[in-house]
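The values are calculated or read from the model by the stated rules, or taken from the named source; none is laboratory data. This is a predicted model, so every value here is computed, not measured. Glycine also receives a Cβ, built like all others from the backbone with ideal geometry; neighbour counts cover every protein chain displayed. Ligands, DNA and RNA are excluded from the accessible area calculation, which covers all protein heavy atoms including side chains. Shrake-Rupley method; radii C 1.70, N 1.55, O 1.52, S 1.80 Å.
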Amino acid sequence: MSNIPAQREFFLDSIRAWLMLLGIPFHISLIYSSHHWHVNSIEPTWWLTLFNDFIHAFRMQVFFVISGYFSYMLFLRYSRAKWWKIRVERVGIPMLTAVALLTLPQFLMLQYVSGKSEKWPQLGFYEKYNTLVWELVSHLWFLLVLVILTTLGVFLFRRLNQHAVAKNTFSMIKLSALFLVFGVIWASLRRALLIVYPPILSDGLFNFTIMQTLLYLPFFMLGAVVFKYPALKMRFITPSPGCYFGSALAFAAYLLNQRYGNGAGWMYETECLILMLMGLWMTNVVFSLGYRFLNTHSPGVTYFVNASLFIYLVHHPLTLAFGAFITPHIPSNTLGFLAGLVFVIGIALILYELHLRVPLLRFLFSGKPQARRVNAPACNEICRQVNVGDTNRR
């Protein structure tokens, strides 16, 4: 445990915020893509489908690498119990808040829009439970996975702390082979479940807590290892032509699998192998570009870094409302996509500014204790005493 603060990684803060905010164009483009979602335009648009696929192919893998990086950094600063408490509060409290204030109203809205509210009483107990899990967790799934990964990190980070790794382990070829093995393990598990008990793969809680956690655990741990070993960090912030070229090939394979794969076949297992490798290689692409162009500090960057989680949490119901009530009235998909960005981001920023003025909401959407404000007379007295102390020291 160390109380010495680590040097601020401005480019990683910026990348994390941008990856979070990319969720907005991702979900808005989903409306106009060929993928089936809660709400869809009458006709899909090819470039928005391509744009949506590109974001989906790498965004969350790189996000979990950064989450593991910062989690391990804080793990070295606090005791294990305090670290776990702080991390779970920062993630769990916003998640529970969003379930109550965002995804529950979102679920009710979708029931009305889709006309399923009349059929709700006819569903069995498990069908209702499973539907609620899928709909209430919704876009918050990554927060639930982070809570689980944090809990696992109490043990895994301790083991990482106790073991050294040889420097030559950090070659991208060896890492690629290792992540390919991780993909094969996950794909084998899914295929085994599909053979033994297929209904389990439709269970929302099982998917979020087991399958998604296992899928992103290697990236979370990679982030921790990147923080521990500067040589590996240098490898990721240095542009690698192989990673750039490999990412392009992986994305092409992803598109081919989406187009020609069959859900009843090996489509999802193949997708896992592709996402594992693309996530690893795109970490180099994103880190190297971020280190080159985003490694600066400014008030504007700080503002969006601080606002990114809140904006992401509220954007999803706003996007669905836009898709359900406004999209049908816009004939052009491209125009609709741009209008959706203005609509969702504009309202999200207004809500962010409003929530900053309510201490309880600031706490609920950040998980951070809010410092008490000192009134003006008391502040003046404190400042006077500090100035007197400074004068005496001179």
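Taking the Cα centre of the chain as origin and assigning +1 to Lys and Arg Cβ atoms and -1 to Asp and Glu Cβ atoms, the resulting dipole is close to 1660 debye. What shape does the range 65-118 have by the C-alpha gyration tensor, where a ≥ b ≥ c are the square roots of the eigenvalues, rounded means a/c under 1.5, and otherwise prolate means a/b greater than b/c and oblate the rest? Here the range 65-118 falls in the prolate category. Calculated from the structure at hand, Rg and Dmax of the Cα atoms in Å is found among (1) 19.7, 58; (2) 28.9, 98; (3) 22.9, 79 as (3). Here's the picture: charge each Lys and Arg Cβ at +1 and each Asp and Glu Cβ at -1 in the chain, and of LEU193, GLY261, ALA81 the one pushed furthest to the positive end of that dipole is ALA81. The alpha-carbon of LYS368 sits under 18 angstrom from the alpha-carbons of these aspartates and glutamates, leaving out residues fewer than 8 places away in its chain: ASP13, GLU89, GLU353. All other residues with a Cβ under 11 Å from the Cβ of ILE15 taken together, and with Lys, Arg as +1 and Asp, Glu as -1, what is their net charge? Summing Lys and Arg as +1 and Asp and Glu as -1 gives 0. Counting only residues at least eight positions apart within a chain, or on another chain, the lysines with an alpha carbon under 20 Å from that of LYS119 are LYS128. Using the 1.4 Å probe convention, the accessible area of the chain works out to 52 Å² per residue with neighbouring protein chains retained. Computed extension gain for PHE363 through MET267, at 0.36 nm per residue and net of the alpha carbon distance, reaches 30.4 nm. Gyration tensor over the Cα atoms of the range 146-238: the corresponding equivalent ellipsoid has semi-axes (square roots of 5 times the eigenvalues, largest first) of 29, 16, 10 Å.
Under 37 °C and 0.692 mPa s, how fast does the range 66-212 diffuse according to Stokes-Einstein, given a Kirkwood radius computed over C-alpha pairs? Answer in µm²/s, whole number. Approximately 178 µm²/s, per Stokes-Einstein. A straight Cα-to-Cα reach below 19 Å connects LYS174 with the lysines LYS228, LYS233, residues fewer than 8 places away in its own chain not being considered. Solvent-accessible area of the chain (1.4 angstrom probe, protein heavy atoms only): carbon and sulfur portion equals 68 percent. With both labels modelled 7 Å from their Cα along Cα-to-Cβ, the ILE195 to LEU96 distance reads 4.2 nm.
Across the range 1-84, Cα pairs under 8 Å and at least six residues apart give a relative contact order of 37 percent. Comparing LEU320, LEU149, TRP37 along the charge dipole axis of the chain, the residue lying farthest to the positive side is LEU149, per the Cβ-charge model.
Placing +1 on each Lys and Arg Cβ and -1 on each Asp and Glu Cβ, with no other charges, gives the range 44-191 a dipole about its Cα centre of roughly 760 debye.
If the segment from TYR78 to ARG158 were pulled out straight at 0.36 nm per residue, it would be longer than the present Cα-Cα gap by 27.6 nm. Based on C-alpha pairs under 8 angstrom that are at least 6 apart in sequence, the chain has a relative contact order of 31 percent.
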